[in-house]
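The values are calculated or read from the model by the stated rules, or taken from the named source; none is laboratory data. This one's a predicted model, so the numbers in the text were calculated from it and none came from an experiment. As a convention, Cβ positions derive from the backbone with ideal geometry for all residues, glycine included, and neighbour counts pool all protein chains shown.
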C-alpha cells in the first residue's frame, strides 16, 4: 500500500502531520511518500507539473492525494480519477486535465456525507478516508458516482512558424532553472537540424547550443538542455537561486515569460 501527498500546505504548520496521522490511524502499515508540500498556494499549474513528471515512476495501484485548491464549489467537485493503473484524489478544478495526456480510465464524484465530514479541511477529512478505502482494496464505485468528463484547463501552447518557436517558462525549480513548454520533439520538428539561437526575454543573453548535461559548460555559465521531462530547460551550471546564481534571478525571468527559439532560415 502506497499513498503519496502533494500539497500547498508547507511544513511550518500542523496540516501535513495531521493528514499523515489520519492516514496512519486507519492504515498503520501504509507507506506515505511526500512528493511536495511546497506548491505555491492554490497553484494547480505548478502542482500538475510536479505530478505529471512524478507519478509514472510509482508502481501500479499507488494512490495520489492532491491537496491543492481543495475547496469544492459550484463549478467543481471532489473526485477519484483512475489512470495509468493508479488512483488520484483531488478537486475537479482542472488539475487533472493538466496532469494527463490521455483520457482517464475512470472518474467518480465522491459521495459526501455532510453530517460527518468537515469541509474546511478536505485533504484530511475527505481525501484521506477515500485513499484508505482504495488502499484496502475498496472500489471507487462504492464511495463515488461515475461521470464521463473532467473540468478542462488549457495552458499557453508554443507559437510556431517555419523558422521559430515562441514558448514560455512554465516552471522554475529551487535552483532557479527555467523549465519551458518547448518539447524536444517540437524543437526537432521545427528546427530540422538547423543552427539556432535561444533568446531569453528580459535579458540580453542568448544561447546557441543544446548540451547533454550541465557540466558540459564551465561553472557559472548559462546552458540549455532537454531535461528528463523532455522539455527545454535554461540553467546556470552550479547556479543557485537566492545567491545570485540561478538562471531565473540572473536573467530576471519569471514564470510565463517568453522564450524564443529562432532557426536559421
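Among the candidates 248, 243, the residue that is farther than 24 Å from residue 57 by Cβ, part of a loop (DSSP other than H, G, I, E, B), at pLDDT below 95 and not assigned by TED's automatic domain parsing to the domain that holds residue 56 is uniquely 243.
Inside the stretch 222-239, residues that are touching a helix residue (DSSP H, G or I) at 6+ places or on another chain (Cβ under 9 Å) and part of a loop (DSSP other than H, G, I, E, B) make up a count of 5.
Only one entry of 61, 25, 93, 83 meets the criterion of being closer than 26 Å to residue 180 by Cβ, more than 10 Å from the chain's Cα centre (by Cα) and surrounded by fewer than 22 Cβ atoms within 10 Å (Cβ to Cβ), and that entry is 83.
Taking each residue of the stretch 19-31 that is free of Cβ contacts under 8 Å to residues at least 12 places away in the same chain and looking for partners that are surrounded by 14 or more Cβ atoms within 10 Å (Cβ to Cβ) with beta-carbon atoms closer than 8 Å, six or more apart or interchain, yields 24/30; 24/32. Does residue 259 count as over 18 Å from residue 156 (Cα atoms) and either out of contact with any helix residue (DSSP H, G or I) (no Cβ under 6 Å at 6 or more places or on another chain) or assigned to a loop (DSSP other than H, G, I, E, B) (or both)? The answer is no for residue 259. Residue-level check: of (1) touching a helix residue (DSSP H, G or I) at 6+ places or on another chain (Cβ under 8 Å); (2) surrounded by fewer than 18 Cβ atoms within 10 Å (Cβ to Cβ); (3) outside any strand (DSSP E or B), residue 160 misses just (3). Residues considered: 134, 150, 186, 155. Of these, the only one that is touching a residue at least 12 places away in the same chain (Cβ under 8 Å), surrounded by 17 or more Cβ atoms within 10 Å (Cβ to Cβ) and part of a loop (DSSP other than H, G, I, E, B) is 150. Each residue in the stretch 48-66 was checked for being outside any helix (DSSP H, G or I), touching a residue at least 60 places away in the same chain (Cβ under 8 Å) and farther than 20 Å from residue 137 by Cβ, and 2 of them qualify.
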